[in-house]
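*Asks:* This is the structure I have questions about; it appears just below.
The values are calculated or read from the model by the stated rules, or taken from the named source; none is laboratory data. Treat the numbers as computed from the prediction; the structure is a model and nothing was measured. FYI the Cβ positions are ideal-geometry reconstructions off the backbone, even for glycines, and counts take in every protein chain you see. With ligands, DNA and RNA removed, areas are computed over all heavy atoms of the protein, side chains included. Shrake-Rupley method; radii C 1.70, N 1.55, O 1.52, S 1.80 Å.
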Amino acid sequence: MEINELIFATSNANKVSEVNKLLPKNIQVHSLKDIGFTDELPETQDTIEGNAIQKAETLYKLIGKDCFAEDTGLIVPALNGEPGVYSARYAGPQKNDQDNMNLLLKNLQDHSDRSAYFKTVIALFIDGKHFTFEGRAEGRIIESPRGDQGFGYDPIFLPNDYNTTFAEMNMSEKGSISHRAKALQLLIEHLAKL
């Protein structure tokens with residue numbers, strides 16, 4: 001089966017750009033904005049995987065096209081897994097990256113264990129069937145932000161075996177080790193078998 005178009009259940013231009021750089025050129029990825037979809041997709045599940053599946057399934061039922069959704073969270077064991085599924089709105093519904101980072105750094109002040117990992121789950125709905133793919137990036141939270149690339153918690157996340165935060169890496173360097181890249185690689189391998 002030849003797949004040449006997928007709808008990505010996001011309006012986040014950063015995510016679409018990241019995905020398009022990693023997927024084979026014969027697969028065109030379109031965002032919700034690209035197809036004029038302006039409804040809010042539900043994210044009411046209490047797990048990262050649950051949210052990814054919910055978004056992709058809802059979109060598939062509404063537009064009837066092959067699509068995928070992803071949900072990503074930053075998990076900090078010292079904070080009982082926070083911010084986790086609430087990563088985007090950790091500091092409130094305004095979904096402000098700076099506010100989220102500030103709150104996380106404040107909550108980690110008294111903890112010596114600063115280990116953390118990003119987890120991405122991609123849910124693919126294709127021909128009425130669904131599949132999930134998970135990627136992780138292990139690292140730790142540094143004391144103060146560094147770098148101006150990337151988005152979200154990238155300026156305070158230092159991946160294991162690196163001296164640069166995700167926000168100090170260029171797109172291709174981050175793309176080679178990121179949680180999203182790992183999940184996408186599994187998606188790409190799956191699409192290649194269809």
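*Asks:* Might you check whether a residue that is in contact with a Ser or Thr (Cβ under 6 Å, 6 or more places away or on another chain) and under 19 Å from Pro93 (Cβ atoms) occurs anywhere in the stretch 29-41?
*Replies:* The answer is yes, given that some residue of the stretch 29-41 is in contact with a Ser or Thr (Cβ under 6 Å, 6 or more places away or on another chain) and under 19 Å from Pro93 (Cβ atoms).
*Asks:* Counting only residues that are among the hydrophobic types (A, V, I, L, M, F, W, C) and open to solvent by less than 40 Å² (accessible area, probe 1.4 Å), which one in the stretch 55-71 is nearest to the chain's Cα centre (by Cα)?
*Replies:* My answer is Ala69.
*Asks:* Do the conditions hold for Lys61, that is, is it assigned to a loop (DSSP other than H, G, I, E, B) and modelled with pLDDT of 90 or more? Walk me through how you get there before you give the answer.
*Replies:* Details: assigned to a loop (DSSP other than H, G, I, E, B): no; modelled with pLDDT of 90 or more: yes.
Against the criterion (assigned to a loop (DSSP other than H, G, I, E, B) and modelled with pLDDT of 90 or more), Lys61 does not qualify.
*Asks:* Can I ask one more? Regarding the stretch 28-49, can at least one residue be identified that is within 16 Å of the chain's Cα centre (by Cα), crowded, with 16+ Cβ neighbours inside 10 Å, modelled with pLDDT of 95 or more and not in a loop (DSSP other than H, G, I, E, B)?
*Replies:* So far as the stretch 28-49 goes, yes, one or more of its residues are within 16 Å of the chain's Cα centre (by Cα), crowded, with 16+ Cβ neighbours inside 10 Å, modelled with pLDDT of 95 or more and not in a loop (DSSP other than H, G, I, E, B).
*Asks:* Kindly establish whether Asn20 is of a type outside the set (Ser, Thr, Tyr) and over 18 Å from Ala123 (Cβ atoms).
*Replies:* Details: of a type outside the set (Ser, Thr, Tyr): yes; over 18 Å from Ala123 (Cβ atoms): yes.
When the stated conditions are applied, Asn20 passes them.
*Asks:* Consider the stretch 126-135. How many of its residues are touching a Ser or Thr at 6+ places or on another chain (Cβ under 8 Å) and either at pLDDT below 95 or open to solvent by 80 Å² or more (accessible area, probe 1.4 Å) (or both)? I'd like the intermediate steps shown before the answer.
*Replies:* Of the stretch 126-135, the ones touching a Ser or Thr at 6+ places or on another chain (Cβ under 8 Å) are 134-135.
After this cut, where a residue has to be either at pLDDT below 95 or open to solvent by 80 Å² or more (accessible area, probe 1.4 Å) (or both) as well, the list is 134.
Residues in the stretch 126-135 being touching a Ser or Thr at 6+ places or on another chain (Cβ under 8 Å) and either at pLDDT below 95 or open to solvent by 80 Å² or more (accessible area, probe 1.4 Å) (or both): 1 in total.
*Asks:* For the stretch 137-151, indicate whether the set of residues that are farther than 26 Å from Gly92 by Cβ, of a type in the set (D, E, K, R) and part of a strand (DSSP E or B) is non-empty. Please lay out each step first, then the result.
*Replies:* Going through the stretch 137-151, the residues farther than 26 Å from Gly92 by Cβ turn out to be 138.
Those left that are additionally of a type in the set (D, E, K, R): 138.
This time we only want the ones that are part of a strand (DSSP E or B), so: 138.
Yes.
*Asks:* Residue pairs, Cβ under 8 Å, 6 or more apart or interchain, first in the stretch 158-174 and among the aromatic types (Phe, Trp, Tyr), second outside any strand (DSSP E or B) and open to solvent by 80 Å² or more (accessible area, probe 1.4 Å). List them.
*Replies:* Close Cβ pairs satisfying both conditions: Phe166/Gln149.
*Asks:* Restricting the first residue to the stretch 120-134 and requiring it to be acidic (Asp, Glu), which pairs with a second residue that is open to solvent by less than 10 Å² (accessible area, probe 1.4 Å) and in a strand (DSSP E or B) meet a Cβ separation below 6 Å and a spacing of at least six or different chains?
*Replies:* Glu134/Val121
*Asks:* What is the residue count in the stretch 96-121 for residues that are part of a loop (DSSP other than H, G, I, E, B) and farther than 18 Å from Ile142 by Cα?
*Replies:* Here is the first cut: in the stretch 96-121, the residues part of a loop (DSSP other than H, G, I, E, B) are 96, 109-114.
So of that shortlist, the ones also farther than 18 Å from Ile142 by Cα come out as 96.
Of the residues in the stretch 96-121, 1 are part of a loop (DSSP other than H, G, I, E, B) and farther than 18 Å from Ile142 by Cα.
*Asks:* Any residue that is small (Gly, Ala, Ser), closer than 24 Å to Ser178 by Cα and part of a strand (DSSP E or B) - is there at least one of those in the stretch 87-95? Explain how you work it out, then say what you get.
*Replies:* Step one: filter the stretch 87-95 for residues small (Gly, Ala, Ser), giving 87-88, 91-92.
Still in the list and also closer than 24 Å to Ser178 by Cα: 87-88, 91.
Retained after the next criterion (residues that are part of a strand (DSSP E or B)): none.
For the stretch 87-95, residues small (Gly, Ala, Ser), closer than 24 Å to Ser178 by Cα and part of a strand (DSSP E or B): absent.
*Asks:* Something else now. For the stretch 160-173, what are the residues that are open to solvent by 10 Å² or more (accessible area, probe 1.4 Å) and of a type outside the set (Asp, Glu)? Talk me through it step by step, then tell me what you get.
*Replies:* Here is the first cut: in the stretch 160-173, the ones open to solvent by 10 Å² or more (accessible area, probe 1.4 Å) are 160-164, 168, 170-173.
Answer for the stretch 160-173, where residues must be open to solvent by 10 Å² or more (accessible area, probe 1.4 Å) and of a type outside the set (Asp, Glu): Asn160, Tyr162, Asn163, Thr164, Asn170, Met171, Ser172.
*Asks:* Taking into account only those residues within the stretch 146-157 that are at pLDDT 95 or above and surrounded by fewer than 20 Cβ atoms within 10 Å (Cβ to Cβ), which is farthest from Val76 (Cα to Cα)?
*Replies:* The first filter runs over the stretch 146-157 and keeps only residues at pLDDT 95 or above, leaving 146-147, 153-157.
Imposing the further condition that a residue be surrounded by fewer than 20 Cβ atoms within 10 Å (Cβ to Cβ) reduces the set to 146-147.
Values: Arg146: 19, Gly147: 21 Å.
So the residue we want is Gly147.
*Asks:* If a residue must be of a type in the set (Ser, Thr, Tyr) and part of a helix (DSSP H, G or I), how many such residues does the stretch 161-182 contain? Break it down stepwise before answering.
*Replies:* Kept after step one, since they are of a type in the set (Ser, Thr, Tyr), are these residues of the stretch 161-182: 162, 164-165, 172, 176, 178.
Going one step further and asking which of them are part of a helix (DSSP H, G or I), we end up with 172, 176.
The total comes to 2.
*Asks:* Do you know which of the residues in the stretch 72-120 that are farther than 19 Å from Pro145 by Cβ and polar (S, T, N, Q) is most open to solvent (accessible area, probe 1.4 Å)?
*Replies:* If we take residues in the stretch 72-120 being farther than 19 Å from Pro145 by Cβ and polar (S, T, N, Q), then Asn80 is most open to solvent (accessible area, probe 1.4 Å).
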